[in-house]
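Asker: Sharing a structure, written as structure tokens. Questions coming.
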Amino acid sequence: MRLNLHSFRVRYAETDQMGVVYHGNYAQYLEMGRVEWLRALGITYRSMEENGIMLPVISLQLHYKKSALYDDLLTVETQLKKTPKVKIEFDYKIYNEKGELLVVANTVLAFMDKSTQKPIVCPDYILEKLED
């Protein structure tokens, strides 16, 4: 399914005293990948929320292979796992600039109506963009 790459540099504030990225920051890196994946489709989180749709994370799995370090240039590879229905699932790989695999991850998010806080099916306009 659709794949997107997003690169960024590790900031000092994201590391511990040894210059290693704090493990909790990887969830934010996955979010960056997901947001850019959607943006590449022509969809923004802002527009979805303005249309009454929220995408809360309901599952997050991370498998650490190697540490990311301060000032590393990282690339998040974000891939849609399958056509979304009520849930949308992504697989991720994070690499450093040497091409070393640092993290393998997966997230599942649910489409939710902002006003009712109830699950809804994936909006047609997203499915249409996936068919293009």
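The values are calculated or read from the model by the stated rules, or taken from the named source; none is laboratory data. Keep in mind that what you see is a predicted model, and the values were worked out from it rather than measured. Using ideal geometry, Cβ is built from the backbone for each residue, glycine included, and neighbour counts are taken over all protein chains shown. Quick note on the areas: whole protein, heavy atoms, side chains included, nothing else; ligands and nucleic acids left out. Shrake-Rupley method; radii C 1.70, N 1.55, O 1.52, S 1.80 Å.
Asker: Conditions first: (1) under 16 Å from the mean Cα position of the chain (by Cα); (2) surrounded by 13 or more Cβ atoms within 10 Å (Cβ to Cβ); (3) more than 15 Å from L3 (Cβ to Cβ). P123 passes all but one, so which condition is the exception?
Answerer: (1)
Asker: Kindly provide the set of residues from region 117-132 that are part of a helix (DSSP H, G or I) and of a type outside the set (A, V, I, L, M, F, W, C), ordered by number.
Answerer: D124, Y125, E128, K129, E131
Asker: Then there is this: Would you say F8 is surrounded by fewer than 16 Cβ atoms within 10 Å (Cβ to Cβ) and either within 20 Å of V104 (Cα to Cα) or modelled with pLDDT under 95 (or both)?
Answerer: Yes, satisfied.
Asker: Still on this model: Return the residue satisfying two criteria in turn: it lies in region 80-105 and is open to solvent by less than 10 Å² (accessible area, probe 1.4 Å) and not aliphatic (A, V, I, L, M), and of such residues it is nearest to A27 (Cα to Cα).
Answerer: Y92
Asker: Related question: Name every residue in region 17-33 that is within 22 Å of T44 (Cα to Cα) and loosely packed, with under 12 Cβ neighbours inside 10 Å, in order of residue number.
Answerer: Q28
Asker: Given the structure, is V108 open to solvent by less than 50 Å² (accessible area, probe 1.4 Å) and either in contact with a helix residue (DSSP H, G or I) (Cβ under 9 Å, 6 or more places away or on another chain) or of a type in the set (F, W, Y) (or both)?
Answerer: Judged against the criteria, V108 is not a match.
Asker: Also, quick follow-up: Residues E49, E77, E14, E36: which one is among the acidic types (D, E) and surrounded by fewer than 16 Cβ atoms within 10 Å (Cβ to Cβ)?
Answerer: E49
Asker: Given the criteria assigned to a strand (DSSP E or B), of a type outside the set (S, T, N, Q) and touching a His at 6+ places or on another chain (Cβ under 9 Å), does V103 qualify?
Answerer: It is true that V103 is assigned to a strand (DSSP E or B), of a type outside the set (S, T, N, Q) and touching a His at 6+ places or on another chain (Cβ under 9 Å).
Asker: Also, quick follow-up: State which residue is nearest to the chain's Cα centre (by Cα) when the search covers only region 4-63 and only residues that are charged (D, E, K, R) and assigned to a loop (DSSP other than H, G, I, E, B).
Answerer: Checking each candidate, the answer is R11.
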